[in-house]
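The next block holds one structure in the form of structure tokens; read it before the comments.
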Amino acid sequence: MKKSDKPPKSNMVIKEQRAAYVFLIPAFLGLSLITYLPLLAALFVGFTDLTIGHMVRGEAPQFVGLKNFIDIFTNPSIDFFNSILVTVYFALFAVVSSVVYSMFIAILLNRRIPGRAFFRAVFYVPYILPAVATIISWSFLLRFEGGLINYFLVNMGFDRVHFLSSAETVVPSLVMIAVWACGNLIVIFLAGLQNVPRTYMEAAEVDGANFWQRFWKITIPCMTPIIFFNMLMSLVVNLQIVVPALAVTSGGPGKSTMFMTYLMYHYGPRSGQYATASAIAFLFFMIAAILAAVLFITSKNWIFYEGGDDK
């Protein structure tokens, strides 16, 4: 009989594992009650014909099978594919822009400059402002008539821009607002930059490496775990974009901001078609999970861990 090469676990390791499982119980219960059970409920409701009329009359909904899911993909009035494209377009645009911008600002704020603490606070404050107040304030600034930004553009000799009233410019304008409010990413990048090993930088300086060589060969590889984390968090947040559509655009102009979350709101609380809204919610979860999985799978090819443990 072949003996296992794996050494037996010590009593200390077993106790630590048991303690870890005990402390994980509250998190597991919270995740189950707040995330997984509502997700299963949405999936169940998606197979019924539940509407606001059933709830008012106290009637039980009927099981309709895949009808709601088929309608979502075949009913032109729902236009689910457009909602997917708009949401993914905004999310990817916002993720790339936010990560590049926040990394650039973090590098500047990591240098010894006068008033560094003040500027760090200035760039972080937009993140903690109420989202509705932020988007409404920006909508006044971006107005075609009477907007402050268009006022400056006209005075500099440029034409007015339909920032929020044109299908071509509304998503880039919303991305600009999302980038402006990504102070949390800046803080995380700052923490990561301060943990880049100084010995690597000193060795590169001795070898004659300039700033860009040190940045691309040392800073970026050491920051890849932080970049991955910020990309993942930004992807999750921006896929759930809904405040601009609720507060300003109402899914327009046209259907250029009919994000999946707003589509759920439109068919759920607004129209009372809760079965359709639940089916959309479950499909939205699947799309978000696929995009997150793609990010995890591709990250293995570019994330660098200083200790070499990249498994």
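In table form, for the structure just shown:
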{"quantity": "Number of positions in segment 224-261 that are not aliphatic (A, V, I, L, M) and not in a helix (DSSP H, G or I)", "calculated": "10"}
{"quantity": "Qualifying residue in segment 126-135 (condition: touching a helix residue (DSSP H, G or I) at 6+ places or on another chain (Cβ under 6 Å) and farther than 18 Å from residue 259 by Cα)", "calculated": "yes"}
{"quantity": "Residue in segment 195-217 that is within 30 Å of residue 135 (Cβ to Cβ) and of a type outside the set (A, V, I, L, M) present", "calculated": "no"}
{"quantity": "Contacts under 6 angstrom Cβ, first residue in segment 286-307 being in a helix (DSSP H, G or I), partner among the aromatic types (Phe, Trp, Tyr), 6 or more apart", "calculated": "299/228"}
{"quantity": "Number of the condition not met by residue 269 [criteria: (1) within 19 Å of the chain's Cα centre (by Cα); (2) not in a loop (DSSP other than H, G, I, E, B)]", "calculated": "(1)"}
{"quantity": "Matching residues in segment 51-72 - criterion: being assigned to a loop (DSSP other than H, G, I, E, B) and touching a residue at least 60 places away in the same chain (Cβ under 8 Å)", "calculated": "51, 61, 64"}
{"quantity": "Counted residues, segment 92-140 - those being under 23 Å from residue 223 (Cβ atoms) and not β-branched (Val, Ile, Thr)", "calculated": "24"}
{"quantity": "Test: residue in segment 84-94 that is of a type outside the set (Lys, Arg), modelled with pLDDT of 90 or more and touching a Cys at 6+ places or on another chain (Cβ under 6 Å)", "calculated": "no"}
{"quantity": "Residue count for segment 34-60, restricted to those that are over 19 Å from residue 284 (Cα atoms), exposed (fewer than 13 other Cβ atoms within 10 Å of the Cβ) and not basic (Lys, Arg)", "calculated": "6"}
{"quantity": "Matching option when the condition is modelled with pLDDT under 95 and surrounded by 15 or more Cβ atoms within 10 Å (Cβ to Cβ), among 254, 192", "calculated": "192"}
{"quantity": "Condition check for residue 184: assigned to a helix (DSSP H, G or I), under 23 Å from the mean Cα position of the chain (by Cα) and buried (at least 19 other Cβ atoms within 10 Å of the Cβ)", "calculated": "no"}
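The values are calculated or read from the model by the stated rules, or taken from the named source; none is laboratory data. What you are looking at is a predicted structure, and each value in this text was computed from that prediction instead of being measured. Here Cβ is always computed from backbone atoms with ideal geometry, including for glycine, and neighbour counts include all displayed protein chains.
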